[in-house]
1. Divide by every residue of the chain the summed helix terms, -39500 (n - 2.57) for each DSSP H run of at least 4, and state the resulting mean residue ellipticity at 222 nm, rounded to the nearest 500 deg cm²/dmol.
2. Please work out whether the range 40-121 counts as rounded, prolate or oblate from its C-alpha gyration tensor, where a ≥ b ≥ c are the square roots of the eigenvalues and a/c under 1.5 means rounded, while otherwise a/b larger than b/c means prolate and anything else oblate?
3. What is the Cα radius of gyration of the chain over 2.2 N^0.38 Å, N being its residue count?
4. Using label points projected 7 Å from each Cα along Cα→Cβ, tell me how many nm separate Val153 and Met37, to one decimal.
5. Find how many whole Å separate the alpha carbon centroid of the range 118-149 from the alpha carbon centroid of the range 48-77.
6. Given a Förster distance of 25 angstrom, what is the FRET efficiency for Phe102 paired with Leu127, based on the Cβ-Cβ distance and rounded to 0.05?
7. Going through the DSSP H helices of the chain, which span 20 Å or more along their own axis at the Cα atoms while scoring at least 0.0 as a mean Kyte-Doolittle hydropathy?
Amino acid sequence: MTVPYSITTAPARTGVERATLVRRTYGLVFVGIIVTMLGAVFAFAQPSLLFQSARHPFIGFLAFFAPLFLAQRWHREFPRNIALTLLAMFVCGVWISPILSFYNQTQPGVVGQAALLTFATFGGLSLYATFSRRDFSAWGSFFFIGLLVLIAVSVLNLFFRNPTASLWLAGGTVLVFGGLLVFDTWRIVRTNQYGPNDYVLAAVSIFVDLLNLFLAILTLLGGRRK
């Protein structure tokens, strides 16, 4: 899951505008993470909803991306952009709740460890993208191709259901979305692609990277212990 990389926006040219963009973007990301956690907790408290989420993951996927798509379409129309983004993130928590519930029951503590590793990875890669003098413009195309390969292999694995292949896919997902996280962070803090009012687009990119990193790390930790 990712968002397009060819977005036409008003550039953030001044230091104040860039600081505003960064503050708004990461503020929305961290609020969104909390809302996602609330969505998962809500699903845990509703056994029927948890069951339906596990039974119909594709519907949950569509329910997650429908408001996310609308939020990107109206990304400058406050407060509708914020409301749609947070709604999508709440639904995301409901959508991934069966996965979290499964690991909580079979391997207590592994979800927390995956979350800590994800935030550590996020912090390290974000600092690297922010303070490195490298030009990461080529990373977007490279890792987007890697994402397409991951999707194709994942579809094939739906038919073969090979546990070893699933672990390799999880490892590839960490690599690809780690690279995309560096690229997306670099676009936010080091380029003029986003304007100060494009924080929803920027936050969605970071959130999607983090979500995929977390799920992949959780799969790797769970598979290793199993």
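Bear in mind these aren't lab numbers, they're just calculated from the coordinates by the rules spelled out. Quantities reported herein were computed from a predicted structural model and do not represent experimental measurements. Backbone-built Cβ (ideal geometry, glycine too); neighbour counts: all protein chains shown.
1. Numbers: 8 runs with 184 residues, N = 226.
After summing the helix terms and dividing by the residues of the chain, the value is -28500 deg cm²/dmol.
2. Working: a/c = 2.69, a/b = 1.53, b/c = 1.76.
Oblate, because a/c is 1.5 or more while a/b does not exceed b/c.
3. Values: Rg = 17.5 Å, N = 226, 2.2 N^0.38 = 17.3 Å.
That ratio works out to 1.01.
4. 3.2 nm
5. 26 Å
6. Working: r = 33 Å, r/R0 = 1.31.
Step by step, r from the Cβ atoms, then E = 0.15.
7. Values: long enough: 15-44 (44 Å, 1.31); 57-73 (24 Å, 1.39); 80-106 (39 Å, 1.06); 110-131 (31 Å, 1.38); 137-160 (36 Å, 2.11); 163-190 (39 Å, 1.04); 199-225 (39 Å, 1.61).
Within the chain the helices that satisfy the rule are 15-44, 57-73, 80-106, 110-131, 137-160, 163-190, 199-225.
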